[in-house]
Every structure is written in structure tokens, then in C-alpha cells.
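The values are calculated or read from the model by the stated rules, or taken from the named source; none is laboratory data. Source: prediction; values computed, not measured. No Cβ is skipped: glycine too gets one built from the backbone with ideal geometry, and neighbour counts run over all protein chains shown.
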Amino acid sequence: MKKTDIAVVGCGALGAGIAYNIAKLGRKPLVFEAKYFGYGSTGRDIGVVRGRHRDPDVAKLASEGLKLHEKLPDELGSNTLFRQDGVLTVALTSEEAEALEKEFKSYASGSFIELSRDEVRSRYPYLRVDDVKLCYLSSREGLVHPLAVLWGYLDAVRRLGGEVVKPAEVISIEPKGDKLNIKTALGEYEASKVVVAAGFRSRELLSKLGIDIPLEPLAKEALVTEPMKPFLDPVIERPGTGLVVAQTMRGEVIGTVGSLGKTSDLTLSSYRFLRDFARQATQLIPAVRSLKVLRQWTWVVDTTPDGKPVIGETSVNRVYVACGMHDYGLSLVPVVSKLIGRLVVEGVEDPMLKPFSPSRFG
Amino acid sequence: MGKGKKIVCFCHDVTEEDIVEAIKMGYDDIESIKRFTGATTGPCQGKSCMMHILRILRRMGKLKEAKTTVIRPPIDPVPMEALLGDEGEED
Ligand SMILES: Cc1cc2nc3c(=O)[nH]c(=O)nc-3n(C[C@H](O)[C@H](O)[C@H](O)COP(=O)(O)OP(=O)(O)OC[C@H]3O[C@@H](n4cnc5c(N)ncnc54)[C@H](O)[C@@H]3O)c2cc1C
């Protein structure tokens with residue numbers, strides 16, 4: 001049996017971030033990844049970083065997460081391709097406008113501005129504003145390269161003496177005295193502490209320990225087009241229909257539409273998604289009409305009944321969890337991984353984490 | 001003049017050196033290489049580069065299974081305007 005200090009299960013952006021923060025506090029993390037780097041949500045992500053959220057508890061994390069995303073390239077010494085050209089949130093019907101106005105009333109003034117239709121037209125001439133009823137610009141928000149965040153953390157983990165192994169699925173975790181026995185595809189390990197950050201698969205792993213986290217896996221679709229010359233500065237989003245459109249630094253237009261859907265054994269990419277995206281994106285940004293779609297994909301995100309993530313120590317001593325990141329987790333990764341790093345290494349629980357305790361499901 | 005660059009992926013200008021470097025950094029399976037270098041993600045969707053990369057992996061002793069990346073729809077690029085559907089078409 002191999003001995004190790006602190007083990008992390010799952011090497012998405014979150015697991016890698018947690019490993020980095022553990023290593024930064026002087027410990028040696030060992031990360032197990034079942035497949036390859038970017039296999040999960042992190043590799044399918046659009047990359048929008050928002051500093052706000054409908055749920056006030058999540059909003060606190062998001063606001064802190066945005067600040068840390070700004071500093072991340074310096075901190076890690078690698079470029080995460082974070083581009084703060086703003087997020088433009090639009091409503092195209094009266095109902096959408098009403099809901100949006102109510103939502104933004106709860107956000108800190110100064111974090112966004114309202115733009116009139118004429119202002120939108122003059123700032124963003126490629127947007128068709130005829131149908132726009134209400135528009136807010138959150139100018140510090142923007143787009144990051146999700147995998148660049150993951151790679152940045154991974155690099156830093158290795159530099160600080162941590163280790164990452166793949167493919168290395170964790171099969172079970174069992175307490176043994178004051179240690180934890182971890183069965184993996186690479187053999188058995190003994191660890192002092194374990195952090196599970198395995199996305200929607202966290203549930204089945206923890207249920208073997210008698211811990212029930214009611215995660216529901218829900219499907220999210222996305223697509224990317226061929227590259228075209230940069231024209232779309234901010235991220236455009238229409239919360240009323242789930243539309244998000246952005247242009248990456250490589251010039252590809254990337255986006256999603258619709259709400260999270262039920263999953264089945266055959267969670268496939270759909271024509272309906274392509275059509276809805278094409279209709280809604282061209283309505284707002286006519287120039288994308290002629291762009292060719294290169295790839296579409298679907299992934300399963302980890303959702304909870306109260307819409308909040310699950311972060312903290314579980315009912316089993318020395319076993320921690322960070323999951324339930326829905327489709328907004330990347331924005332939170334820098335702050336969640338920092339706070340859970342401190343909790344695991346120093347035993348200090350930041351008050352910001354209280355609402356996310358795994359024990360809340362009782 | 002030394003040898004010229006060996007381009008593996010023409011869509012994103014990825015060279016053989018870039019692929020070898022990625023493999024050395026631990027991005028040593030086809031899915032990781034795809035994400036790390038961008039090769040196979042351009043307009044050709046891997047049709048012209050995938051085999052080159054598999055060959056490099058094999059040469060470096062890293063090819064555990066002869067497997068391509070997961071092929072995502074559409075098989076060939078489709079213009080957005082062709083996806084708008086018929087007027088009034090619902091689900
Ligand atoms: C289509 C889509 C769009 C999104 N858009 C955004 C966005 O715009 N903005 C935003 O903030 N967030 C977005 N998200 C969410 C975001 O991607 C994630 O919340 C974030 O990347 C954190 O992911 P993670 O590390 O928790 O999980 P993952 O990236 O899924 O990582 C979990 C890892 O654990 C591994 N694993 C699972 N089980 C085991 C096991 N037993 N042993 C070992 N390893 C295991 C998996 O292989 C996987 O690599 C989006 C998600 C999707 C799917």
C-alpha cells in the first residue's frame with residue numbers, strides 16, 4: 001500500500017485548484033483523475049466568469065471568485081486567457097425585462113450599469129437591438145479559457161511538489177483508524193485526508209461511505225463555430241432563454257441555450273439545441289448567420305435541490321467534498337478551492353462556506 | 001537553414017514539436033493533446049491531423065489504445081443559417 005498525505009479525487013478545474021491551494025500551504029497533495037485532464041465539466045465549459053448570482057450566498061462567492069480570477073494569471077504564473085470585456089445581459093420580452101430588473105436590483109450598485117437601446121447600438125454595432133427591452137453591462141466580468149485555468153493550476157501543483165495521476169479512477173474510500181484507505185485503478189493508497197471533487201460522480205463515491213449528497217445530474221448542451229475575425233467583445237446573455245454567446249480568443253463563437261435538461265443513458269447532442277441556438281443567436285447577432293458550426297456536445301452537471309454547491313467536511317472525519325457546481329462553477333473555482341484548502345490544511349472554516357455545508361441535507 | 005517546421009495541424013498551425021512538448025508535459029493521450037494544443041479542433045475536425053498525432057504518440061511509446069478523439073456532430077461544418085428550421089416548426 002502506498003502512503004500519501006492529502007488525496008484529491010477528480011482533476012477538473014476545482015480538484016486542480018484545491019490541490020494547488022493545499023500545496024501552497026505546504027502540504028503534498030496527490031490528485032487522482034479517472035480519465036484525462038478536462039474530461040468533465042471543465043473541458044465542456046463556455047468559460048463565462050460572473051461576479052453575481054441570484055442566490056445571495058452564492059453571490060458572495062461569485063464576487064470573490066471574480067476578484068481572484070483577475071489575479072490568477074499572476075498568482076499561477078500562467079495565462080488563463082481571462083478577458084474582461086464585460087457581460088451584457090439582455091431581456092427581449094416584457095416578462096424577461098421584469099424578471100431581470102428585479103434580479104439586478106439585488107446586486108451591488110457599481111458592479112453593473114444599465115444601457116439604453118441607443119447606447120447598446122453605438123457601443124456594439126453588430127447587435128440587433130430592435131427587440132431589446134432591457135440591458136445591463138457588468139463590465140468587470142468576461143470570458144476565461146477553462147482549460148487554461150486547469151493547466152495553470154496543474155503546473156503550479158507540480159512545481160510545488162504535488163502529484164497528479166491519470167487515468168486513476170478512485171473506486172472507494174474507507175476509514176481505517178485515523179487514516180483513509182483509498183482503492184484506485186492504480187492500487188491502494190493510505191491518506192491522512194481526502195477531498196472529493198468529482199463532479200456529479202461525487203454522489204456515488206460518497207454514498208459508499210454512508211454519506212448522502214442529493215446531487216441530480218442534469219444535461220447541458222453547447223457548441224462552437226469555425227473562427228472568424230474578432231468582433232464580439234462582451235459575452236452576450238439572455239437569461240430568459242438561457243442563451244449565452246461569446247467569442248473566444250481564437251475567434252470561435254461559442255455558446256449555449258436552454259435550461260438544464262433531464263439526462264438518460266443516452267445523453268446526446270440534439271438538433272433542437274442547434275436550431276434554438278441558431279434562431280436566438282441570429283436574432284441578436286445577425287452576423288453569425290453565415291458562421292459554420294464545427295462541434296456540439298453535451299455534458300452532465302452536478303445540481304442540488306437548493307441550487308447551492310456542497311462544500312465542506314462530511315459526516316465522516318477527514319473526508320471533505322466540493323461539488324454541486326451546477327453550470328456556474330468555474331466562476332467560483334478560485335475562491336472555493338482557496339477556502340477549502342484552508343479548511344483541509346488548517347481547519348479554519350470561513351463563514352462564507354457555512355451555507356454550503358454537506359450536513360444541510362440531514 | 002535547418003529543417004523547416006513540421007506542421008501537424010494546418011487549421012491551428014500546430015507543429016510536431018508542439019505535440020512532442022505537450023506529451024512530455026504529461027498531456028500524453030489523444031484527448032489531452034486535443035485540448036492542450038488545439039490540434040483536431042479546427043475546421044477539418046481532425047480529418048487531416050489525427051493520424052499524425054497517433055503516430056507521434058506511438059513513436060513515443062504512449063499509445064495505449066489506437067483510439068481517435070470522440071467525434072462530435074456535425075461530421076462536416078454546417079452554417080448556422082441552415083439550422084434555423086422551418087418557420088413555425090416547433091420541437
Ligand atoms: C456546457 C457547460 C457550460 C458551462 N459553462 C460555464 C460557464 O460559462 N461559467 C461557469 O462558471 N461555469 C460553467 N460550467 C460549469 C463548470 O464547467 C464547472 O462547474 C467547473 O469547471 C468545475 O468543474 P469541476 O472541477 O467541479 O468538475 P469536472 O470538471 O467535471 O471535474 C471532475 C473530474 O472528476 C473526475 N472523476 C469523476 N469520478 C472520479 C473518480 N471516481 N475517481 C477519479 N476521478 C473522478 C472526472 O473524470 C472529472 O475530470 C459549464 C458546464 C458545462 C457542462
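Annotations
- Candidates B:LYS5, B:LYS62, filtered to the one that is within 13 Å of chain A (Cβ to nearest Cβ), over 29 Å from A:ARG272 (Cα atoms), surrounded by fewer than 17 Cβ atoms within 10 Å (Cβ to Cβ) and in contact with a helix residue (DSSP H, G or I) (Cβ under 8 Å, 6 or more places away or on another chain): B:LYS62
- The single condition among (1) within 11 Å of the ligand (Cβ to nearest atom); (2) under 20 Å from A:VAL344 (Cα atoms); (3) in a helix (DSSP H, G or I) that A:ARG201 does not meet is (2).
- Matching residues, the range A:268-320, being more than 7 Å from every other protein chain (Cβ to nearest Cβ) and of a type in the set (D, E, K, R): A:ASP276, A:ASP302, A:ASP306, A:LYS308, A:GLU313, A:ARG318
- The range A:278-362 holds strands (runs of 3 or more DSSP E) entirely within its bounds, and those carrying 1 or more residues that are in contact (Cβ under 8 Å) with a residue 60 or more places away in the chain and in the same structural domain as A:VAL257 (by TED's automatic domain parsing) map to A:292-303.
- Note on the range A:1-36: residues that are within 19 Å of the chain's Cα centre (by Cα) and in a helix (DSSP H, G or I) amount to 9.
- Residue in the range A:81-94 that is within 14 Å of another protein chain (Cβ to nearest Cβ) and more than 11 Å from the ligand (Cβ to nearest atom) present: yes
- Considering the range A:295-314, and only residues there that are of a type in the set (Asp, Glu) and more than 9 Å from the ligand (Cβ to nearest atom), the residue that is nearest to A:GLY210 (Cα to Cα) turns out to be A:GLU313.
- Subset of the range A:242-259 [touching a residue at least 60 places away in the same chain (Cβ under 8 Å), in contact with a helix residue (DSSP H, G or I) (Cβ under 7 Å, 6 or more places away or on another chain) and more than 13 Å from the ligand (Cβ to nearest atom)]: none
- From the options B:ILE56, B:ILE75, residue that is at pLDDT 95 or above and more than 10 Å from chain A (Cβ to nearest Cβ): B:ILE56
- Taking the range B:16-37 as the range and being out of contact with any strand residue (DSSP E or B) (no Cβ under 6 Å at 6 or more places or on another chain) and over 17 Å from B:ALA66 (Cα atoms) as the test, the residues that pass are B:GLU17, B:ASP18, B:VAL20, B:GLU21, B:ALA22, B:LYS24, B:MET25, B:GLY26, B:ARG35, B:PHE36.
- Among the conditions (1) under 30 Å from A:GLY362 (Cβ atoms); (2) within 14 Å of chain B (Cβ to nearest Cβ); (3) hydroxyl-bearing (Ser, Thr, Tyr), the only one that A:THR248 does not satisfy is (1).
- Search result, residues across the range B:27-49 that are more than 24 Å from A:GLU33 (Cα to Cα), buried (at least 21 other Cβ atoms within 10 Å of the Cβ) and either away from chain A (no Cβ under 13 Å) or among the aromatic types (Phe, Trp, Tyr) (or both): B:CYS49
- Test: residue in the range A:208-216 that is surrounded by fewer than 21 Cβ atoms within 10 Å (Cβ to Cβ), in a strand (DSSP E or B) and on the phi < 0 side of the Ramachandran plot: yes
- Residues of the range A:76-103 that turn out to be in a helix (DSSP H, G or I) and crowded, with 17+ Cβ neighbours inside 10 Å, as a count: 4
- A:ARG272 being free of Cβ contacts under 8 Å to residues at least 60 places away in the same chain and out of contact with any strand residue (DSSP E or B) (no Cβ under 8 Å at 6 or more places or on another chain): yes
- Top-ranked residue in the range A:315-343 [being touching a helix residue (DSSP H, G or I) at 6+ places or on another chain (Cβ under 6 Å) and of a type in the set (A, V, I, L, M); ranked as nearest to the ligand (Cβ to nearest atom)]: A:LEU330
- Scanning the range A:261-277 for residues that are of a type in the set (D, E, K, R) and part of a helix (DSSP H, G or I) yields A:ARG272, A:ARG275, A:ASP276.
- Leading residue by the ranking (farthest from the other protein chains (Cβ to nearest Cβ)) among those in the range A:1-60 that are within 6 Å of the ligand (Cβ to nearest atom) and surrounded by fewer than 23 Cβ atoms within 10 Å (Cβ to Cβ): A:VAL48
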